[in-house]
1. Would you mind telling me which numbered condition in (1) touching a helix residue (DSSP H, G or I) at 6+ places or on another chain (Cβ under 9 Å); (2) more than 14 Å from ligand 1 (Cβ to nearest atom); (3) not in a helix (DSSP H, G or I) ALA26 fails?
2. Could you run through the range 168-226 and say how many residues are in contact with a Leu (Cβ under 8 Å, 6 or more places away or on another chain), assigned to a helix (DSSP H, G or I) and within 14 Å of ligand 1 (Cβ to nearest atom)?
3. Filter the range 63-97 down to the residues that are over 22 Å from HIS31 (Cβ atoms), within 16 Å of ligand 1 (Cβ to nearest atom) and either assigned to a helix (DSSP H, G or I) or in contact with a helix residue (DSSP H, G or I) (Cβ under 8 Å, 6 or more places away or on another chain) (or both) and list them by number.
4. Of the residues ALA441, ALA400, which is modelled with pLDDT of 95 or more and either open to solvent by 20 Å² or more (accessible area, probe 1.4 Å) or under 15 Å from ALA365 (Cβ atoms) (or both)?
5. Condition test on GLU250, is it open to solvent by 60 Å² or more (accessible area, probe 1.4 Å) and either of a type outside the set (Phe, Trp, Tyr) or assigned to a helix (DSSP H, G or I) (or both)?
6. In the set ALA125, ALA118, which member is within 11 Å of ligand 1 (Cβ to nearest atom) and open to solvent by less than 10 Å² (accessible area, probe 1.4 Å)?
7. Please give the number of the condition ALA83 fails out of (1) surrounded by fewer than 22 Cβ atoms within 10 Å (Cβ to Cβ); (2) more than 17 Å from the chain's Cα centre (by Cα); (3) at pLDDT 95 or above; (4) among the aliphatic types (A, V, I, L, M).
8. Filter the range 22-33 down to the residues that are buried (at least 23 other Cβ atoms within 10 Å of the Cβ) and out of contact with any strand residue (DSSP E or B) (no Cβ under 7 Å at 6 or more places or on another chain) and list them by number.
Amino acid sequence: MDAPTIRSICCIGAGYVGGPTMAVVADRCPHIQVTVVDLNEERIGAWNSADLSLLPIYEPGLDEVVGRARGRNLHFTTSVEGAIATADMVFISVNTPTKTHGVGAGQASDLKWIEASARMLAKAATGHTIVVEKSTLPVRTAQAVKSILEAGPAGKSFAVLSNPEFLAEGSAIRDLENPDRVLIGGESQEAIEALAGIYGHWVAPEKILRTNLWSSELSKLTANAFLAQRISSINSIAALCEATGADVREVANAIGADSRIGPKFLTAGPGFGGSCFQKDILNLVYLCRYYGLEDVASYWEQVVTLNTWQQHRISRLMVNRLFGTISGKRIAVLGFAFKADTNDTRESPAIQVCLDLLEEGACLAIVDPKVREGQISIDLGKPAGQGEGNWQLVDSVEAAAEGADALVLLTEWQQFAQINWPAVAALMRQPAWLFDSRAKADGAAARAAGLNVWTLGEG
Ligand code: NAD
Ligand code: UGA
């Protein structure tokens, strides 16, 4: 049988994955109508805003892609059931956070949004529908999705595929337009070829990998675990470099030149953040325990343990260098997003470092080009305020540095590489420190301006 022709796609979930992914599909396939649905009215409203700078997420290049396709064959709506009913193919791109209570709390994925999507699909779909798992899921979730779909009203049929997303935030459009690979897992060859045909409009055939459902689901968790493991590995070596006089950037360069190791993902820093690495490893750990593989579970758990240790290590070290107390001292925090070029703060290492510093009584002046005050209030669990143990958001490094005893650089925004150190140092209370956890600032210039400088991984 030939692969069915796909004329209409619906994507449930207009988040960091659903929005950009569908924008690129619509851009590259003008003959397909693409509708992104979400229950969150505010988010859908932002996707529809006339001013493209007000889209709900910030990604370089996203505004141009949305600007080209929106209104032509890309639509954003809260009419979930209507969009499902007319779709030949439905992507599920909803959130799958770590469970906060009940069995598996703190490790297993909370699949309630996946289940709700499957139930909506079972009810609202018409005819034959290809269902694509785009969210990151525990291996064998497709079985549960299939059971729910099959238990729905008669007269409909479904094929379930796994098509995990490998984009990274900040480079989402580049990653989607030129992926290393596209992974499609499934049982129905026609459904697999229908999805491969969509990607085939812009992805080379040899980059489209086909596997069984379970390999596809597990490959996503494994890819994130391997990437995060490299970061914890290099961060562990950074601490040893500081103790021994080695330099972690030189070590990373030397080991990365070995083609078997490779140079990517060897940048030491304050620990990995982002919505997925921690949650996906914890999910892997939970799955290993579920299948009785305790030693395998402990092996992967260490990647997260080391990451948390790294965040606390930075705040402890700062207190130490600032004469053992930071109570009432002003500290400038440079960057709050979990990495540069995104407004996302989920699991940002800056959150833990700031919480530790607030606990010690510091007055934080935070500067970040994209993160809004409301988000920081949620992350730090209290509104902006003045004085000991409080934080404020300011709009420049100079404003943050005014009267500060230290600056701590936590996100590698390009603008932090171009600080006018003599001007900034003159604003600070001496002796003053720069703690650079990303090796992004011009440390030599900061030193020349009279600051004490600590750079992560520099012995
Ligand atoms: P997100 O929280 O930004 O977006 C999910 C959206 O789904 C939300 O807007 C929510 O309102 C909506 N939603 C939930 N249930 C719904 C329902 N029943 N009907 C309609 N809308 C519903 O999440 P995200 O970052 O886009 O991640 C989505 C999935 O993709 C997760 O499984 C994540 O692990 C995975 N992933 C994320 C990234 C990333 O960079 N963020 C990369 C690869 C994979
Ligand atoms: C990561 C993966 O890179 C994507 O392939 C995956 O699709 C995604 O998770 C997901 O499943 O959500 P993302 O979290 O957006 O993407 O960003 P990364 O660039 O991977 O960075 C994650 C964290 O690791 C950041 O805090 C970053 O600063 C840190 N990092 C990254 C380092 O500390 N060192 C490095 O060498 C690389």
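1. (3)
2. Summing the residues that are in contact with a Leu (Cβ under 8 Å, 6 or more places away or on another chain), assigned to a helix (DSSP H, G or I) and within 14 Å of ligand 1 (Cβ to nearest atom) in the range 168-226 gives 11.
3. THR78, VAL80, GLU81, ILE92, VAL94, ASN95, THR96, PRO97
4. On the way: ALA441 fails: either open to solvent by 20 Å² or more (accessible area, probe 1.4 Å) or under 15 Å from ALA365 (Cβ atoms) (or both).
Within the list ALA441, ALA400, the selection yields ALA400.
5. Numbers: open to solvent by 60 Å² or more (accessible area, probe 1.4 Å): yes; either of a type outside the set (Phe, Trp, Tyr) or assigned to a helix (DSSP H, G or I) (or both): yes.
When the stated conditions are applied, GLU250 passes them.
6. Values: ALA125 fails: within 11 Å of ligand 1 (Cβ to nearest atom).
Residue meeting the stated conditions: ALA118.
7. Evaluating ALA83 over (1) surrounded by fewer than 22 Cβ atoms within 10 Å (Cβ to Cβ); (2) more than 17 Å from the chain's Cα centre (by Cα); (3) at pLDDT 95 or above; (4) among the aliphatic types (A, V, I, L, M) leaves (1) as the failure.
8. Across the range 22-33, the qualifying residues are VAL24, ASP27.
The values are calculated or read from the model by the stated rules, or taken from the named source; none is laboratory data. What you see is a predicted model, and the numbers here were worked out from it, not measured in a lab. As a convention, Cβ positions derive from the backbone with ideal geometry for all residues, glycine included, and neighbour counts pool all protein chains shown. For the accessible areas, the whole protein counts, side chains as well, though only heavy atoms, and no ligand, DNA or RNA atoms are used. Shrake-Rupley method; radii C 1.70, N 1.55, O 1.52, S 1.80 Å.
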